[in-house]
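The values are calculated or read from the model by the stated rules, or taken from the named source; none is laboratory data. If you're wondering where the values come from, they're calculated on a predicted model, not measured in any experiment. We place every Cβ from the backbone using ideal geometry, glycine too, and count neighbours over all the protein chains shown.
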Amino acid sequence: MTETAILSVIFCTLILIYACYSDLKRRSVTNYLWALMIAVGIPLAVYNIILHGTTLLVNFIFSVLFTSTLSYLLFRLHLFGGADAKSLICISLLIPTHPGFNLLSYHFPIELFPFAISTLLNAAILSLIVPFSLFFYNLLNLRQNGLRRNLRFAFLGYKLPINALTDVKHRHIRLVHSYEEEEENLERRFSFDGIEINKEVAERLKNYSGQGKIGKEVWVMPELPFMLFITSGFFVSLFYGNLIFYILLYF
């Protein structure tokens, strides 16, 4: 690993950790972080291209174009946020190819994906921990009949008492269903993106529960920032490589 590669890895690590903190704390990440990464990444890229020549230039262009295109498409499809897309593009700029540091003895002779795309793929695999964890939690906490009736929601969320919806410790959650009054009936509709919970929504649910229209618990889904998985995927890519390759190799 060259000195510039070490600098890029350390710099990306610090930025991503702060981005995770900001996303958890404020539910947003300032664009100044990505501007800083670009400001550092462009001079490093120019220096490395001058030092290593055409091969690195081709890898650099491929990394940035591939990552930018895929990130933009996923953003437009609402599969992740703007900060997630920007972070991957910045990683592609700073680390266009795998820096060469790997804890496993097996090395793949050909890197099919740029480092940033490997980070994204690893992040997607790691994010599967959430639905399976939710399912096992529901398996342990829901009665058999309740689990069977709500099996399709068991991978998405968990039940929470309505009175606890506005607790600070539950601030990173969304409702699995929307509740709308139509004539004399209360309609419950599934929402893939989840419904934001505020004091007004919580009070409405309390009133519905008091009137006997709904129970004392509702289904909620955790709202974990994908930035956490991108950062985790970054470290997995750095130390182990692309998890998909290892899955294909051993399974």
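The requirement of being within 18 Å of F235 (Cα to Cα), part of a helix (DSSP H, G or I) and either at pLDDT 90 or above or of a type in the set (D, E, K, R) (or both) is not satisfied by K25. Go through the stretch 182-223 and give me each residue that's of a type in the set (F, W, Y) and in contact (Cβ under 8 Å) with a residue 60 or more places away in the chain. W219 - this is the single residue of the stretch 182-223 that is of a type in the set (F, W, Y) and in contact (Cβ under 8 Å) with a residue 60 or more places away in the chain. Across the stretch 211-225, the number of residues qualifying as in contact with a helix residue (DSSP H, G or I) (Cβ under 6 Å, 6 or more places away or on another chain) and assigned to a loop (DSSP other than H, G, I, E, B) comes to 3.
Here the condition is being in the same structural domain as Y18 (by TED's automatic domain parsing), more than 25 Å from the chain's Cα centre (by Cα) and surrounded by 15 or more Cβ atoms within 10 Å (Cβ to Cβ); of L33, L74, L70, L44, it holds for L44 alone. For the stretch 16-45, the tally of residues that are more than 16 Å from G82 (Cβ to Cβ) and not charged (D, E, K, R) stands at 12.
For the stretch 22-66, residues that are among the aromatic types (F, W, Y) and within 22 Å of L112 (Cβ to Cβ) total 3. The residue that is farthest from A124 (Cα to Cα), among those in the stretch 60-101 that are part of a helix (DSSP H, G or I) and in contact (Cβ under 8 Å) with a residue 60 or more places away in the chain, is L94. When residues in the stretch 164-187 are screened for being surrounded by fewer than 15 Cβ atoms within 10 Å (Cβ to Cβ) and farther than 30 Å from C20 by Cβ, 8 of them pass. Residues that are in the same structural domain as R26 (by TED's automatic domain parsing) and outside any helix (DSSP H, G or I) do occur in the stretch 226-241, at least one of them.
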